[in-house]
1. Give the number of residues within region B:2-22 that are open to solvent by 80 Å² or more (accessible area, probe 1.4 Å) and under 21 Å from the mean Cα position of the chain (by Cα).
2. Note down all Cβ pairs under 7 Å where the first residue falls in region A:83-111 and is away from chain B (no Cβ under 12 Å), the second is in a loop (DSSP other than H, G, I, E, B) and open to solvent by 60 Å² or more (accessible area, probe 1.4 Å), and they're at least six residues apart or on different chains.
3. What are the residue pairs meeting all of these: first residue in region A:171-193, first residue at positive phi, second residue in a loop (DSSP other than H, G, I, E, B), Cβ atoms under 8 Å, and 6 or more apart or on different chains?
4. Of all residues in region A:154-176, count the ones that are buried (at least 22 other Cβ atoms within 10 Å of the Cβ) and within 24 Å of A:Y83 (Cβ to Cβ).
5. Among (1) crowded, with 17+ Cβ neighbours inside 10 Å; (2) over 28 Å from A:A165 (Cα atoms); (3) among the acidic types (D, E), which single condition is A:E263 missing?
6. Tell me which residues, restricted to region A:373-397, are out of contact with any helix residue (DSSP H, G or I) (no Cβ under 9 Å at 6 or more places or on another chain) and either in the same structural domain as A:V220 (by TED's automatic domain parsing) or open to solvent by less than 10 Å² (accessible area, probe 1.4 Å) (or both).
7. Based on what the data block shows, is A:L314 crowded, with 21+ Cβ neighbours inside 10 Å and farther than 20 Å from A:P450 by Cα?
Amino acid sequence: MLSRSSACRGAARSVCQKAVRPAQRRGLAAPASGSFLYQNGEAKGVKFASRDLAGPTATLALVSKAGSRYQPLPGLSEALAFYAFRNTEKRSTLRIIRESELLGSELKAFHTRENLVLEAKFLRDDLPYFVELLAEVASKSKFEHHTYNEEVLPLIHFAHQRFLADPKDMAINSAHALAFHKGLGNATASSSTIPYTQYLNPSVIEGFSKTAFAKPNVAVVANGADQAELQRWVGEFFDTLPAQPLEEMSVASEQSKYHGGEERIAHARGNAMVIAFPGSSSATGKFYKPEIAVLGSLLGGDSAIKWSPGFTILGNTKASPSTKVHTTSSMYSDAGLLYTTITGEARNVAATAQAVVDAIKKIAGGEISKEQIHKARAAAKFKELEYGQQIEAGLELTGAGLIHGSKPYQIDEVAKAIDGVSEEAIKNAAKSLLETRASVSAVGDLWVLPYAEDLGLKV
Amino acid sequence: MSAPSFAPAILKRQWLSKWFAPFAKWYVNAAGYRQLGLRADDILSEENDVVQLALKRLPAKEAYDRSYRLRRAFQCSVSHQLLPKEEWTKDEEDTPYLQSIVEQIEAEMKEREDLEAMIVTKRAAHKAEGH
């Protein structure tokens, strides 16, 4: 006998199954339209790229060449990011937020050293709405005084305070300033109140937005959107962007030059030391050196495995387990910085800084086993692939690649380049690090933290 | 805060506004604030959140001028005097510098109320799919 309740449950389940099917447009094994590669194009002068990944959600980003590197006045890029998704000529801040909440989406605006990114994550069907929204934010934002005073200024102030309270952030910014002076060396947050008390006001920010969101300076990148559909909507909505920038970003567009030097900042909150060397540009740039990425993962510091110091040289030679060491290869469009960040107790930081220099000397002398280099190559490749596969990082890299050289970031090529790095190349790269001037920044207890010269570095 | 007023309705009809103009002029002069150098928006009731926020949004110069006019008017009031006739507020100076901001804030608040009271319905496309 069939009871009533069980019959009903079966009916409900069959309805559910029917409901799920349209969301999964493709089976798991079937490839999406192509692969992880981006397809790029241009609609009414606006560059765009998309990859049609299977899945019910999509991510759309407007990447603009307006990071802190390109700002004509301090703090502009940050302020413009905080102004995103506020009152526009068509909609108020509140309406934008409520509408995007109703559609179940996520809006984000942030800036890095080179790019300003407006990002939206949403359900696939809502693509036209969000293309329109991003175009509206980029071209029709109202830069009202009261919005600045009531909403934007407090955020800039918080970012400033957070920056001051973080020795690591200060050290990284200081190392960039030493390495590149202006341009890439510009701080990503205000290091004093001067930028926003003396340089910024809504009309200046509005002027910068006319440059930042001009057609040659932006790229639209989408994940999980159909190429033809994206082309159609970008052509329709992004035509409102200014065709030419208000003023050319002449100074910042010059080739970045590496300088190097040493800076020491007293700080009571903690100790951080950054030892930086000239690195590699991004894969879409002209000075791409895959051996720098491998060298970075060979120095390392982080462990990929729990409860173990890992295989990296610095992971094994750091002064104490509580000392945090991390080697990063920051890649920008035309230059890069390979830097090791050390944080922890002052004495341990000092000892670990010495270990960094010793490690580089060891690599340059060829005292590293083949096995370790193999591990480092594999780790670098994995890191790069994993990073590129993350939707967010991929979006920004692709957008930047499009703006600078009309070339999207293709992970497959990068992986191939890393695979081809030879032992000799790594040795030579390490040698060249010791010959160039380093950028060394020490923040914290200056009585204990060593000078670059004492470590055996040229500054 | 903006009070209910017939003014917009009257201004819309030219014949009516022409008819009302002399009376309005007489009324504004009889109200006496112009003789103290004030503007109509200076005597807007400010003991509420909307006007307080509007005052915060005034440009620095406007805010300074406003407080100057108010102080001067207080001074005149306590000394039981009117300003010399050439310092009285002229017709063209009596502009609604605060009213427009107040209206903007009221529109913002109304939008918020409207959005709070919104009834959400499913889109037809999603209804058919069952989610």
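The values are calculated or read from the model by the stated rules, or taken from the named source; none is laboratory data. Everything numeric here is computed off the predicted structure, so don't read it as measured data. FYI the Cβ positions are ideal-geometry reconstructions off the backbone, even for glycines, and counts take in every protein chain you see. When the accessible area is computed, the model is the full protein with side chains, heavy atoms only, and any ligands, DNA or RNA have been set aside. Shrake-Rupley method; radii C 1.70, N 1.55, O 1.52, S 1.80 Å.
1. Taking region B:2-22 and keeping what is open to solvent by 80 Å² or more (accessible area, probe 1.4 Å), we get B:4, B:6, B:8, B:11-15, B:18-19, B:22.
Right, trim to under 21 Å from the mean Cα position of the chain (by Cα) and you get B:4, B:6, B:8, B:11-12.
Qualifying residue count, region B:2-22: 5.
2. A:T88/A:K142; A:E89/A:K142
3. A:H181/A:K257; A:H181/A:H259; A:G183/A:E254; A:G183/A:S256
4. Residues that pass the stated criteria total 1.
5. Result: A:E263 passes all but (2).
6. If the condition is that a residue be out of contact with any helix residue (DSSP H, G or I) (no Cβ under 9 Å at 6 or more places or on another chain) and either in the same structural domain as A:V220 (by TED's automatic domain parsing) or open to solvent by less than 10 Å² (accessible area, probe 1.4 Å) (or both), then A:L395 is the only one that fits.
7. Working: crowded, with 21+ Cβ neighbours inside 10 Å: yes; farther than 20 Å from A:P450 by Cα: no.
It is false that A:L314 is crowded, with 21+ Cβ neighbours inside 10 Å and farther than 20 Å from A:P450 by Cα.
Listed here are the residues, each with its yes/no results for (1) open to solvent by 10 Å² or more (accessible area, probe 1.4 Å); (2) aromatic (F, W, Y).
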| site | (1), (2) |
| --- | --- |
| A:T93 | yes, no |
| A:F110 | yes, yes |
| A:R113 | yes, no |
| A:E136 | no, no |
| A:L178 | yes, no |
